[in-house]
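Please treat every number below as a calculation from the coordinates, not as lab data. Note that the coordinates shown come from a computational prediction; the quantities given were computed from them, not determined experimentally. Here the Cβ is made from the backbone with ideal geometry for all residues, glycine too, and neighbour counts use every protein chain on show.
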Amino acid sequence: MKTENVIQTKNYAFALRIVRLYQHLSAEKKEFVLSKQVLLCGTSIGANVEEAIGGQSRADFVSKMSYRDYTNINPFSIDIRLNFAYFLF
């Protein structure tokens with residue numbers, strides 16, 4: 001019997017919130033550039049988690065979970081812009 005993976009479950013819930021945020025920013029606020037960056041950054045975490053889960057060993061899992069490549073998107077600047085301009089949820 002396969003046990004529930006907490007990281008995978010929480011990541012999926014986070015991705016759903018990111019998609020709803022993207023929809024809100026693009027539809028209600030007409031913010032297209034920032035919303036696209038949020039969508040790409042927020043959902044790319046899922047790809048990393050899925051790759052780590054498929055790792056060959058525990059060391060491989062840890063290595064892949066600690067890998068931080070946000071494709072040159074600066075999370076700090078996104079956080080500052082979001083906190084300054086919008087009430088999100």
**Item:** Residues with amide H under 5 Å from that of residue 31, placed H, sequence gap 5 or more
**Value:** 26
**Request:** DSSP loop (so not H, G, I, E, B), at most 15 other Cβ within 10 Å: list which GluC sites (Glu not before Pro) in the stretch 1-60 pass both filters.
**Result:** 4, 28
**Whole-Hz ³J(HN,Hα) from phi, Karplus 6.51 cos²θ - 1.76 cosθ + 1.60, for the stretch 46-60, glycine and proline x** = x, 5, 5, 5, 4, 5, 5, 4, x, x, 6, 8, 4, 5, 5
